[in-house]
Amino acid sequence: MLNINTNTNIKEGWKNLLKDDFESQNFLTLQAFLKTENKAELKGETKIFPKETDILNAFIFTPLNSVKVVIIGQDPYHSSEKNDTTILPHAHGLSFSVPHEAKKIPPSLKNIFKEIKADLGYNIPTHGNLTKWTKQGVLLLNATLTVRKGEAGSHQKKGWEQFTDAAIKKLSDKKTGLVFLLWGKFAQNKETLIDITKHTVLKTTHPSPFSAYRGFLGCGHFSTTNKILKAQNQEEIDWEIK
């Protein structure tokens, strides 16, 4: 049965910060919804992405004390591909990222790599796994952490947004000097959760093919982020994916 185990691999910093949210009625209601979705999955009626063990990867891969940069996405990828005889979800719990073995790089991520090449000169990689960034303090957080296969936005307004909004607000309150990269209107609406007197917010259009050419491509957010971190005597992010 699908169950979000908040004790597995999540470091104490996040556990303590989000303790009330993990124990809230909202989270219990969300768990109940996911269990209902899981029953449908077991009957072959639907499938939930990402896999259960990946749902909270944003909090597992980037400990609270290491967060320096936050990139907010909207939904996990609802797409997948055949990997030998199994289905490989493109979602693996990190916004914009796909598993290393995924053969297809989503269009938005392709545009992210194009901007990094233009901004910093790094070659466009052959895979789309962004885990390297998370190990350097980049929190890759989607507002909604699960989705039905092939149904974009299918788990919106089920409780995830309330949980992740609380995480962003508490992160802003606890930390100082973070850089928030808000791409597109949805992410930019989260600015109200951020104390802009303590943190830097960089905004532009979403890297989607529908909007990337209206501001994202050419925004220089990656080099700008590093300049901000350097000015704060923090280690810069190595954005190169190999």
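The values are calculated or read from the model by the stated rules, or taken from the named source; none is laboratory data. Just so it is clear, the model here is predicted, and its values are computed rather than measured. Cβ sites come from the backbone with ideal geometry, for glycine too, and all protein chains shown count toward neighbours. Note: accessible area is taken over every heavy atom of the protein model, side chains too, but ligands, DNA and RNA are not part of it. Shrake-Rupley method; radii C 1.70, N 1.55, O 1.52, S 1.80 Å.
Bridge orientation summary for the chain: considering DSSP beta bridges with both residues in this region, about 35 percent are antiparallel.
Between Gln234 and Lys203, the simple spin-label model (points 7 angstrom out along Cα→Cβ) gives 2.0 nm. At what distance in nm do the modelled label points of Ala152 and Glu52 sit from each other, each positioned 7 Å from its Cα along Cα→Cβ? So the label points at Ala152 and Glu52 sit 3.0 nm apart. In terms of its C-alpha gyration tensor, segment 108-242 has an oblate overall shape, because the principal axis ratio a/c (a ≥ b ≥ c, square roots of the eigenvalues) is not below 1.5 and a/b does not outweigh b/c. Semi-axes of the equivalent ellipsoid for segment 28-103, computed as √(5λ) from the eigenvalues of its C-alpha gyration tensor and ordered from largest down, come to 24, 18, 10 Å. Computed over neighbours whose Cβ is under 14 Å from that of Ile168, the net charge equals 0, Lys and Arg +1, Asp and Glu -1. Considering only protein heavy atoms and a probe of 1.4 Å, how much of the accessible area of the chain is carbon and sulfur, as a whole percent? The computed percentage sits at 50. Projecting the Cα atoms of Ala166, Pro63, Ser223 onto the charge dipole of the chain, computed from C-beta unit charges around the Cα centre, puts Ser223 farthest toward the positive end. A 1.4 Å probe run over the protein chains yields, for segment 98-242, 47 Å² of accessible area per residue, whole-number rounding.
Under the 0.36 nm per residue contour assumption, what length would be gained going from the current alpha-carbon distance of Asn123 and Lys185 to full extension? List each step's numbers first, then the result.
Details: separation 62, 0.36 × 62 = 22.32 nm, distance 2.86 nm.
Between Asn123 and Lys185, full extension yields an extra 19.5 nm.
If you find the alpha carbon centre of segment 95-161 and of segment 43-94, how far apart are they in angstrom? So the two Cα centres are separated by 9 Å.
Remark: the Lys15-Asn65 segment gains 16.8 nm on full extension, using 0.36 nm per residue and subtracting the alpha carbon distance. Computed from point charges on the beta carbon alone (+1 for Lys and Arg, -1 for Asp and Glu), the dipole magnitude for segment 43-184 about its Cα centre is near 100 Debye. For Asp173, the solvent-accessible surface computed with a 1.4 Å probe is close to 80 Å², ligands and nucleic acids excluded. Amide H to amide H distances under 5 Å link Glu81 with Leu88, His90, where only residues 5 or more positions off or on other chains count and H is placed in the peptide plane. Computed with every protein chain present, the accessible area of Lys47 is close to 70 Å² [probe 1.4 Å]. Here r is the Cβ-Cβ distance between Lys132 and Asn83 and R0 is 25 Å; the resulting FRET efficiency, rounded to 0.05, is 0.70. Heavy-atom accessible surface of Glu81, to the nearest 10 Å², is about 20 Å², with a 1.4 Å probe and all protein chains retained.
In order along segment 219-225, phi translates into HN-Hα couplings of 6, x, 5, 6, 5, 5, 4 Hz, rounded to whole numbers, per the Karplus curve 6.51 cos²θ - 1.76 cosθ + 1.60 with θ = phi - 60° and x for Gly and Pro.
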